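Trainee: Starting off with a structure, shown below.
Rule-based calculations on the coordinates, nothing more; no lab input. Given the structure is predicted, the values throughout are model-derived calculations rather than measurements. Note that we place each Cβ from the backbone using ideal geometry, even for glycine, and neighbour counts take in every protein chain shown.
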Ligand SMILES: [Ca+2]
Ligand SMILES: [Ca+2]
């Protein structure tokens, strides 16, 4: 391949790579509960850390669940607003990556107080440190999963 062809290919690639930045996709909160607004990302999957950073870029934070009432609201939201069928998953910001077995919300730094784990979870199966909603054959609840798994996710923002 000549240098000119290579250069042309590089320019094309660079132009395509730049597209998402030029094309501003507006993402905004569409749901609310208590003093929080939520944004459901159900088009793009990301691993736990990229989901965390994605929410930060929106001026939001990856989901925390502070009460059973909030959990119930979110449960209803994902089962009515999303096609959350068998094996569907959705990241929260819960993680025990800092200390095995001690789950904290990465977005706030506070310990996880709710207990909505699916039966047998968290099982730390071969090293699972990130918390998600999981539809395990019709049972929906919380599960620890591999942080590098690619899931949809929810961002939240406290109202002013
Ligand atoms: Ca773990
Ligand atoms: Ca697990």
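Trainee: Each label point is 7 Å from the Cα along the Cα-to-Cβ direction; what then is the distance between the points at residue 79 and residue 139, in nm?
Mentor: It works out to 1.4 nm between the two label points.
Trainee: Under the classification rounded if a/c is under 1.5, otherwise prolate if a/b is larger than b/c and oblate if not, where does region 29-158 fall, given a ≥ b ≥ c as square roots of the Cα gyration tensor eigenvalues?
Mentor: On the way: a/c = 1.30, a/b = 1.16, b/c = 1.13.
Because its axes are fairly even, with a/c under 1.5, region 29-158 counts as rounded.
Trainee: Further question: Ranked from highest to lowest mean number of other Cβ atoms within 10 Å per residue, what is the order of the peptides 73-83, 140-150?
Mentor: Numbers: 73-83: 14.8, 140-150: 17.8.
Going by the mean number of other Cβ atoms within 10 Å, highest first, we get 140-150, 73-83.
Trainee: What FRET efficiency would be calculated for the residue pair residue 28, residue 124, taking the C-beta separation as r and a Förster radius of 25 Å, to the nearest 0.05?
Mentor: About 0.10, to the nearest 0.05.
Trainee: Going by average Cβ neighbours within 10 Å, how do the peptides 108-118, 122-132 rank, with the highest at the top?
Mentor: 122-132, 108-118
Trainee: For region 104-160, compute the orientation-averaged projected area of the C-alpha convex hull (one quarter of its surface), in nm².
Mentor: Working: hull surface 20.3 nm².
Mean projected area for region 104-160: 5.1 nm², to one decimal.
Trainee: A further question on this structure: Run the numbers for residue 35 and residue 66: contour at 0.36 nm per residue of separation, minus the present Cα-Cα distance, in nm.
Mentor: Extra length from residue 35 to residue 66 when fully extended: 10.0 nm.
Trainee: Moving on to the next point. Taking the mean number of other Cβ atoms within 10 Å as a proxy for protection, how do you rank 87-94, 100-107 from highest to lowest?
Mentor: 87-94, 100-107
Trainee: Here is a further query. Counting pairs of alpha carbon atoms under 8 Å apart in space and at least six apart in sequence, what relative contact order in percent does region 29-158 give? Please list the in-between numbers first.
Mentor: On the way: 245 pairs, mean separation 48.9, N = 130.
Dividing the mean separation by the residue count of region 29-158 yields 38 percent.
Trainee: So if each residue of separation counts as 0.36 nm, and I subtract the Cα-Cα distance between residue 159 and residue 113, what length gain in nm does that give?
Mentor: Length gained between residue 159 and residue 113: 14.4 nm.
Trainee: Something else now. According to the square roots a ≥ b ≥ c of the eigenvalues of the Cα gyration tensor, what is the shape class of region 23-102, taking rounded for a/c under 1.5, prolate for a/b larger than b/c otherwise, and oblate for the remainder?
Mentor: It is rounded, given that a/c, with a ≥ b ≥ c, falls under 1.5.
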